[in-house]
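Notes follow once the structure below has been shown.
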Amino acid sequence: MDVDYTVSTDVLIIGGGGAGVKAGIEAASRGAQTLMVTKQKFGYTGSTFYPGTSGWGMNAVIFPGDTEDQFVAEILEAGAGCADPQLARVLARDCTKRFHELERYGLEFLKNEAGAYQGVIPCFGKRLRGSATYGIPTIRKRLWKQLMIHGVQVRDHVAILKLVVEQGVCRGALGLDEMDNLVLFQAKATILATGGACGLYQYSLATDDQVGEGYALALEAGCSVVNLEFIQFIPGITWPVKKMLFQEKNLDTLPTMTNREGRAILADYLPAGVSVEACLIERAKHGPFSTTTCSRYFDIAMYEQWRAGLALDSGGIHMQYAPTVLNDERWVITKWLEFMRSRGLDVVGQGFDMIPHAQCFNGGIRIGT
Ligand SMILES: Cc1cc2nc3c(=O)[nH]c(=O)nc-3n(C[C@H](O)[C@H](O)[C@H](O)COP(=O)(O)OP(=O)(O)OC[C@H]3O[C@@H](n4cnc5c(N)ncnc54)[C@H](O)[C@@H]3O)c2cc1C
């Protein structure tokens, strides 16, 4: 292959999501010349800046009675043997520092009138842990500002095709720029922050640059990958907009789920002793699908109806809410309704369709080998 031109840097970061941004800030603040390359326009793609969601919920040990050890225990329990205890410890140890770091960058986490954080019980968590910040455009603007302040150079529309490995050491990468030039990026250190591969699925909450190229780059360079089958599936909207994240917290208001024949479907999938109400209330506690409680019948019902050809033309099952949801004063509900309205959705009038979507790859390149 003929290289069209060469670029040299101390640290090359491949990927411009949250992982790449943090790596960039850390490298540059230690004095390294740092170059970040992203496949598409910075701030508009990847999970970090996913356009079909209202913002971020972020874990942090900030409420009385919560501890790092409890957080680790809850991650390991939810991971059911797949989670790496060392990585769980890193997350539990560092998340609170990162939460406050983001505040210093100007992100505002939701607070009540008394100035206290509006707490969130995270998916599969047992207690309040962290809060939420809204508005992807604001998040994008604040993180970009930090990259600029720290002197990280960002080049978007560069697709990395191959890592350059000599005698077992990564010396950089080969990439294609926006003019189809083949570029050799020479670097003393290369950081892969290329995200997951949900874009491979028919229904996904992913942008089209999320197809797991980083896994292929790493494998080809001699690394190993782990837990790639550890994927989160979560309901996503298929009509009247597509690829928008559903907010499960409202399920305890007991909406109806109907198929293309207009028939309510959930009761058909429930075993004796599990009511529609119990299933929906349990399902309101976590975004991703889980096999561990009776909430599973909610997702199974949608998927089985889809397999039987009984979904609507959009591919989804129809959801309809009672007008009482409009009077629900819980902040998670009012924020959800606000976001739905901002995208032109009327949950009480026309309702919407949805189906499980691939949301997150929880495995990835094995660290430390
Ligand atoms: C809808 C949705 C809601 C979520 N909500 C939450 C939440 O509330 N709280 C939470 O903690 N987590 C949430 N997550 C998960 C979280 O967003 C991700 O775990 C996180 O953003 C991943 O960041 P990342 O930097 O690893 O990857 P990404 O943000 O996906 O970034 C990957 C980057 O790599 C680039 N790239 C890929 N291949 C190449 C290549 N070959 N060459 C160059 N660049 C490449 C992409 O262009 C992109 O810039 C959510 C995810 C989704 C999809």
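The values are calculated or read from the model by the stated rules, or taken from the named source; none is laboratory data. Values in this document were obtained by computation on a predicted structure and should not be read as measured data. Cβ: placed from backbone, ideal geometry, glycine included. Neighbour counts: every protein chain shown.
Of everything in region 242-271 that's touching a residue at least 40 places away in the same chain (Cβ under 8 Å) and in a strand (DSSP E or B), which residue is nearest to the chain's Cα centre (by Cα)? Residue satisfying both the conditions and the ranking: LEU245.
Considered as a group, the residues in region 302-329 that are of a type in the set (S, T, N, Q) and in a helix (DSSP H, G or I) include one that is surrounded by the fewest Cβ atoms within 10 Å (Cβ to Cβ), and that residue is ASN327.
Taking (1) in contact with a Leu (Cβ under 9 Å, 6 or more places away or on another chain); (2) within 30 Å of GLY349 (Cβ to Cβ) in turn, THR190 satisfies each apart from (2). Checked against (1) within 16 Å of the ligand (Cβ to nearest atom); (2) part of a strand (DSSP E or B), ASP10 passes all but condition (1).
Taking the stated definitions as given, is GLU74 within 16 Å of the ligand (Cβ to nearest atom) and not assigned by TED's automatic domain parsing to the domain that holds ALA197? It is true that GLU74 is within 16 Å of the ligand (Cβ to nearest atom) and not assigned by TED's automatic domain parsing to the domain that holds ALA197. Across region 14-28, the qualifying residues are those that are buried (at least 21 other Cβ atoms within 10 Å of the Cβ) and within 8 Å of the ligand (Cβ to nearest atom), and the one among them that is farthest from THR48 (Cα to Cα) is ILE14.
Scan region 218-238 and give yes if some residue there is of a type in the set (A, V, I, L, M), in a helix (DSSP H, G or I) and in contact (Cβ under 8 Å) with a residue 40 or more places away in the chain, otherwise no. So far as region 218-238 goes, yes, one or more of its residues are of a type in the set (A, V, I, L, M), in a helix (DSSP H, G or I) and in contact (Cβ under 8 Å) with a residue 40 or more places away in the chain.
Checking each residue in region 29-41 for being more than 6 Å from the ligand (Cβ to nearest atom) and over 14 Å from ASP208 (Cα atoms) picks out SER29, ARG30, GLY31, ALA32, GLN33, THR34, LEU35, MET36.
Test VAL90 against the stated conditions and say whether it is away from the ligand (no atom under 13 Å from the Cβ), surrounded by 15 or more Cβ atoms within 10 Å (Cβ to Cβ) and either assigned to a helix (DSSP H, G or I) or free of Cβ contacts under 8 Å to residues at least 12 places away in the same chain (or both). No; evaluated as a whole, the condition is false for this residue.
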